[in-house]
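For reference, the structure is listed below as structure tokens.
The values are calculated or read from the model by the stated rules, or taken from the named source; none is laboratory data. This structure is a prediction, so every number in the text was calculated from the model and none was measured. Methodologically, a virtual Cβ is constructed for each residue, glycine included, from the backbone with ideal geometry; neighbour enumeration extends over all protein chains shown. Just the protein is used for accessible areas: all its heavy atoms, side chains included, with ligands, DNA and RNA removed. Shrake-Rupley method; radii C 1.70, N 1.55, O 1.52, S 1.80 Å.
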Amino acid sequence: MKKLAVLFMYLHLGLSLFAQVFVTSGQDAISVALENSREQLYQQMMAQEQMKNARLSVQDFLPQLGVSYSESDAVNVGRADSRSKSLQFSVSQLIFDGGQAWNQYQLDKIGGLLNYEAYLQSLEEFKGGILDGYQGIVMQQRVVDIKKSLKEAGFSRLAVLAKELELGLAREIDYLEYLISCRKLEQEERLAQEALEVQLESFRQNLGLAYGTKLIVENQEEKLDEQGMLEKIYPLFPHFEKIVALSVDYSPALRQQGLEYEASVQQKKLESKLLVPNINLEGSMSLSGREFPLREPDFSLRIKVSFDRNTLFPASNSTSMGFDLQRLRSFGNSASGSLNPQLNYFSQKKLNSIALLQKQLSLEVSEEKLRDSLREMLLNFDNSYENFLFSKESLGIQQKKVEINWQKLENGEVTEMDYLQSLMELSTMEIQLVELESNLVSLLRAIELSAGISPGGLDEIL
């Protein structure tokens, strides 16, 4: 029984250790998320299969095969009954259609490729979201550390003030005011810790980890900006045209619109070729007889020429012949056409031309919107970075003020409350600096994502 209890404890501890996941960097977080995200796995499988399926869409070029079987038994009064069986094989092959099938095949292939590129973009967005979540937790951890340090410093001085109160060297009103401020600092730390716990739980779900898994996030870098990227690439706006060019070439949305526009142009060219026919060759072989094996072969061959694009006066013509192993048994020609012209033919043609112009305009507008969005992001980045540098400089000044106030406190020139107030101002500025840095990194990720650049790779492009 004792051994069983020990084994149970060992298994319990093993499961507890197994249910812990450590994340020490943004790349670690991405690896964990991709390993556990079934949604991303299914999207990848779907995109790969769609691209494969598009490449295999050659059905219009291959012969269309068919097979049919019929059996008929008839009872005739006053004469012999009749029985017949027929087995027929047929084949139809497109010979010429003015390039329509080839055009459709190319569009299918490009469409499959664009689907895969759209998946790659969604994958980059997914990675960007994981990086933002990781950086948000690291930022909140730093906020908690700052508030914790401030609280500890406040309570450390509170103990000194309490001792002075006992000795009659401090007023009780000053002590109570200082105590209230320390309690507020304690509450702020607790609220920051609770916010961190909420972020950790949300991040656990985004990583695809099972409920109950203990997620431990540690930052092995000194700064959120892991490679010092911000300083390397500032300022960004002088590189505006290069980033725009990269984004226009990469944008799946623009590529999709461009493809649709080119497809419409090609379709209009095909529709304008009213006298370009579709030519199909159809052949069949049948075996008939009363009983198996069937010994009466029969063959037929037909060439069909149709003008499907001529919707004004659609027409078709076919030539057919039938023969067996000994002789030609039949030959025929047929032609058909519509005598009721499409009254709105020219109006519809004009509507198609207007629709094509609208697609061209939509493509130009989308590209201009992309340029405006990038212009705003780059200017925002440069302005935010200047604000970050100013805040960093102000923080250094505030740190010197805290050091001066400490000396004044030791000399009795300022009160404990004055010194605590300077510490609170310092912690507020430290938190603002962390938030500015985190927002800059997130903005940088958005710019990289727009240009199709992997996270952290912008400095290699500029």
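For the stretch 55-197, rounded, prolate or oblate, judged on the Cα gyration tensor with a ≥ b ≥ c (square roots of eigenvalues), a/c < 1.5 rounded, else prolate if a/b > b/c? It is prolate, given that a/c is not under 1.5 and a/b is the larger ratio. Solvent-accessible area of S181, all protein chains in place: 20 Å² (probe radius 1.4 Å, heavy atoms, ligands and nucleic acids excluded). Applying 1/(1 + (r/R0)^6) with R0 = 30 Å to the Cβ-Cβ distance of H239 and E262 gives a FRET efficiency near 0.50.
Looking at the square roots a ≥ b ≥ c of the eigenvalues of the Cα gyration tensor of the stretch 28-127, which shape do they give, rounded for a/c under 1.5, prolate if a/b is larger than b/c, or oblate? Verdict is oblate for the stretch 28-127. To put it simply, the accessible area of the stretch 227-295 at a 1.4 Å probe is 57 percent carbon and sulfur. When the Cα positions of M46, L120, T428 are compared along the charge dipole of the chain, M46 comes out farthest toward the positive end, with charges on each C-beta of Lys, Arg, Asp and Glu. Cross-link reach is defined here as a Cα-Cα straight distance under 25 Å, omitting same-chain residues fewer than 8 places apart; for K401 the lysines meeting it are K147, K148, K151, K184, K223, K392.
Taking all protein chains as shown and a probe of 1.4 angstrom, D308 keeps an accessible surface of around 100 Å². When the Cα atoms of the stretch 271-350 are aligned to their principal axes, the ranges along those axes come out at 60, 22, 20 Å in descending order. Calculated mean residue ellipticity, 222 nm, the chain: -22500 deg cm²/dmol, from DSSP H runs (n ≥ 4) at -39500 (n - 2.57) each, averaged per residue and rounded to 500.
When +1 charges are put on Lys and Arg Cβ atoms and -1 charges on Asp and Glu Cβ atoms, the dipole computed for the stretch 76-175 relative to its Cα centre reaches about 520 debye. Placing +1 on the Cβ of every Lys and Arg and -1 on the Cβ of every Asp and Glu, with nothing else charged, gives the chain a dipole about its Cα centre of roughly 2960 debye.
Averaged per residue, the chain has 62 square angstrom of accessible surface, using a 1.4 angstrom probe with ligands and nucleic acids left out. Helix by helix through the chain, keep the DSSP H runs that span 18 Å or more along the axis on Cα and average at least 0.5 on Kyte-Doolittle, and give those back in order. Helix filter hits for the chain: 2-18. What's the Kirkwood radius of the stretch 255-298 in Å, using all Cα pairs? Answer for the stretch 255-298: a Kirkwood hydrodynamic radius of 15.0 Å. Along the charge dipole of the chain, Cβ charges K/R +1 and D/E -1, which of Q140, I453, L378 sits furthest on the positive end? The one lying farthest along the dipole's positive direction is I453. Distances between placed amide hydrogens fall under 5 Å for N310 paired with no residue 5 or more residues away or on another chain. With R₀ set to 22 Å, the beta-carbon distance separating Q48 from I110 gives a calculated FRET efficiency near 0.85. For K349, the lysines whose Cα falls under 16 Å of its own Cα, not counting residues fewer than eight places away in the same chain, are K268, K269, K273, K359. Couplings 3J(HN,Hα) for the stretch 323-329, derived from phi with the Karplus relation 6.51 cos²θ - 1.76 cosθ + 1.60 (θ = phi - 60°), are 7, 10, 6, 10, 7, 7, 9 Hz, where x marks Gly and Pro.
For the stretch 98-218, with all protein chains in place and a probe radius of 1.4 Å, 53% of the accessible heavy-atom surface sits on carbon or sulfur. Spread over its residues, the convex hull of the C-alpha atoms of the chain is 346 Å³ per residue.
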